[in-house]
Amino acid sequence: FSTCILAAVVRDRQVALLRQGEAHWGLVSGYVKPGERAEDAALREIQEGLGLTARNPVLVGTYPFAQRDLLMVGLIAETDGAGFRLSSEVEAARWVPVRQALEMVYPPPSSAFSVLQACMERLERQRP
């Protein structure tokens, strides 16, 4: 099997969602290169896909995706960037409150939904 990252990019309690030819919105994703850490792959894919510099990637879970023989590694990363510079693979991107994002991605048991749930829980714990 191959390993891919799935990253929730957070700014001001909102998450970046993107569309890549799918019916639903999604998170940043991409393959982990040989010898690359999942955290580094997430930062690279965020830069390549959205044109954002991210930091502090945190592992939130791993999710088997048997239909494609993949292991998805879920992470959350932070950014201060607001404007997107989209790669040619990304049709659109937008900032969305995390709770709203849960309604826009594939529903459970999707890995994107699971990563966003972890993101929402993390943000609620950080709330003053």
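The values are calculated or read from the model by the stated rules, or taken from the named source; none is laboratory data. What you are looking at is a predicted structure, and each value in this text was computed from that prediction instead of being measured. Counting neighbours? That spans all protein chains shown, and the Cβs are built from the backbone with ideal geometry, glycine included. Only protein heavy atoms, including side chains, enter the accessible area calculation; ligands, DNA and RNA are left aside. Shrake-Rupley method; radii C 1.70, N 1.55, O 1.52, S 1.80 Å.
Given springs between every Cα pair under 10 Å in a Gaussian network model of the chain, which of Q100, Q14, Q67 has the largest fluctuation? Ranking Q100, Q14, Q67 by mean-square fluctuation puts Q67 first. Here is the size of the chain from its Cα atoms: Rg then Dmax, 13.3, 42 Å. Using Cβ point charges alone (K and R +1, D and E -1), the dipole size of region 10-128 about the Cα centre works out to roughly 260 debye. By a 1.4 Å probe calculation restricted to protein chains, R11 has an accessible surface near 40 Å², given to the nearest 10.
When the residues Y63, Y106, Y31 are ordered by accessible surface, computed with a 1.4 Å probe over the protein chains alone, the sequence from largest down reads Y31, Y106, Y63.
Across V32, V115, the residue with the most accessible area heads the list, and the full order at a 1.4 Å probe is V32, V115.
So which residue, out of P107, P64, P34, gets the largest mean-square fluctuation from a GNM of the chain using Cα contacts under 10 Å as springs? Ranking P107, P64, P34 by mean-square fluctuation puts P34 first.
Among the GluC sites (Glu not before Pro) in region 1-76, those placed in a DSSP loop whose Cβ has at most 14 other Cβ atoms within 10 Å are E22, E36. Accessible area ranking (1.4 Å probe, heavy atoms, ligands and nucleic acids excluded), largest first, for D80, D40: D80, D40. At the residue level, T79 shows approximately 10 square angstrom of accessible surface with a 1.4 angstrom probe and all protein chains present.
For the chain, modelled as a Gaussian network with Cα springs under 10 Å, which listed residue fluctuates most, S114, S29, S88? Of S114, S29, S88, the Gaussian network model singles out S88 as fluctuating most.
If a paramagnetic tag sat 7 Å from the Cα of E121 along the Cα-Cβ line, which residues of region 44-83 would have the backbone N under 18 Å from that point? Backbone N within reach: 58-64, 72-77. Of the whole protein surface, S110 contributes about 20 Å² of accessible area at a 1.4 Å probe radius. Loop-located GluC sites (Glu not before Pro) in region 58-111 (DSSP state not H, G, I, E or B) with no more than 12 neighbouring Cβ atoms inside 10 Å: E89, E91, E103.
A Förster radius of 22 Å combined with the Cβ-Cβ distance from T3 to E89 puts the calculated FRET efficiency at roughly 0.70.
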